[in-house]
1. Six or more apart or on different chains, Cβ under 6 Å: which pairs go from a residue in segment 183-202 that's at positive phi and in a helix (DSSP H, G or I) to one that's buried (at least 21 other Cβ atoms within 10 Å of the Cβ) and acidic (D, E)? Could you list them?
2. Would you please list the contacts, defined by Cβ atoms under 7 Å and residues six or more apart or on different chains, that run from a residue in segment 40-66 that is touching a residue at least 12 places away in the same chain (Cβ under 8 Å) to a residue that is assigned to a helix (DSSP H, G or I) and among the aromatic types (F, W, Y)?
3. Quick check on segment 248-268. Is at least one of its residues modelled with pLDDT of 90 or more, surrounded by fewer than 18 Cβ atoms within 10 Å (Cβ to Cβ), in a helix (DSSP H, G or I) and within 19 Å of the chain's Cα centre (by Cα)?
4. Tell me, please, whether a residue that is among the hydroxyl-bearing types (S, T, Y), assigned to a helix (DSSP H, G or I) and buried (at least 21 other Cβ atoms within 10 Å of the Cβ) can be found in segment 171-178.
5. When you look at P69, is it closer than 25 Å to N162 by Cα and within 16 Å of the chain's Cα centre (by Cα), yes or no?
6. Out of (1) β-branched (V, I, T); (2) within 18 Å of A289 (Cα to Cα); (3) at pLDDT 85 or above, what's the single condition that is false for V204?
7. So for segment 25-32 (the condition being among the charged types (D, E, K, R) and in a loop (DSSP other than H, G, I, E, B)), does at least one residue qualify?
8. Give segment 109-120 a look and list any residue that's surrounded by 24 or more Cβ atoms within 10 Å (Cβ to Cβ) and under 12 Å from Y255 (Cβ atoms), or say none.
Amino acid sequence: MLSYVIPVLAIVLLGAWLRRMRGVPDGLFPAMEWFSFYVAFPALLFVGAARLKLSAADALDLSLAALLPTLLLTAVVLLALRAAPQLSGPSRSSVVQGAVRPSSYFGLAVAALLFPPETTTMVMLALAICLPVVNVIAVVALAWWGSGDASARGIALALARNPIILSTLAGLLFNLSGLPLPVPLAAALDILADAALALGLLCVGGGLQFRRDHLRPVLLGATSALKLLALPLLAVLVCRWLDASASVTTAACFYAALPTASNAYIMARQMGGDAPLMASLVTWQTLFAAATVPLVMQLPRWLG
């Protein structure tokens, strides 16, 4: 697995270098992020979900294996924050985001390289299932501890317009219809899907921030350990409790092992969270993941 993760990390670091290189147009990365989020990744998700062959039992197991660990870890983080009264409200919101939000770009790009199509699509499905939940958790934390104001209507609209959720649901509905995917459409979507992987990783790299004044070792280490180590362990334990299939266990463990989302920094900045702490969490978790993902993907075998 390490032989796949190293090239992924190389592309991420290439994105970080390009973002800082003279001569690169200022609008390049915003344009790539927009195209990836609204066009390329939705194509990847739609075609994957449309081709998915998943039993009802596996779908239920995957839903529980992805959601239960996230909710359990959120509860643990909230209890731990009560024992840290010296921590500011904005920092608390960033800790919550850093502990539970997954990087869709990183996850989809790496999964497509590591796993067979069935498992990759399960990772996509886990993202589609959990994204509404983790986004609500993040927005509520920022509304409570930050300076932002998030209404229930605003949260619902943001989730209803999320292209990752919409494209996955559309693909699943097409799958359930039993209709064949037209060959020209499938070929066009596959071309866009191939573009999504490289663009997504470059965008992750472009969002990395290496500034020493943002480092807070204790918060950074504790939050990263919860996200990159504790959450995958919980996911595998839940899968063992459910007696889930090997493919469901792999997908749930990988989903849980993803570093925190790069757009968590943008949300923290816009809604009054601790943006510098969030930038550090995004940057270092992405780099740590090169070592932790291969490690935690051995958990199903070790705990078998």
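The values are calculated or read from the model by the stated rules, or taken from the named source; none is laboratory data. Given the structure is predicted, the values throughout are model-derived calculations rather than measurements. For neighbour counting, all protein chains shown are included, and Cβ atoms are generated from backbone atoms with ideal geometry for every residue, glycine included.
1. none
2. A50/F174; A66/Y255
3. Just the residues of segment 248-268 that are modelled with pLDDT of 90 or more, to begin with: 248-260.
From what is left, the residues that are surrounded by fewer than 18 Cβ atoms within 10 Å (Cβ to Cβ) are none.
No, every residue in segment 248-268 fails to be modelled with pLDDT of 90 or more, surrounded by fewer than 18 Cβ atoms within 10 Å (Cβ to Cβ), in a helix (DSSP H, G or I) and within 19 Å of the chain's Cα centre (by Cα).
4. Of segment 171-178, the ones among the hydroxyl-bearing types (S, T, Y) are 177.
Still in the list and also assigned to a helix (DSSP H, G or I): 177.
Remaining after also requiring buried (at least 21 other Cβ atoms within 10 Å of the Cβ): none.
No, the conditions are met nowhere in segment 171-178.
5. Numbers: closer than 25 Å to N162 by Cα: yes; within 16 Å of the chain's Cα centre (by Cα): yes.
So P69 fits the description; yes.
6. In the conditions (1) β-branched (V, I, T); (2) within 18 Å of A289 (Cα to Cα); (3) at pLDDT 85 or above, V204 misses (3) alone.
7. Taking segment 25-32 as the starting set, the residues that turn out to be among the charged types (D, E, K, R) are 26.
So of that shortlist, the ones also in a loop (DSSP other than H, G, I, E, B) come out as 26.
Checking segment 25-32: at least one residue is among the charged types (D, E, K, R) and in a loop (DSSP other than H, G, I, E, B).
8. Just the residues of segment 109-120 that are surrounded by 24 or more Cβ atoms within 10 Å (Cβ to Cβ), to begin with: 109-111.
Listed by number, the residues that qualify are V110, A111.
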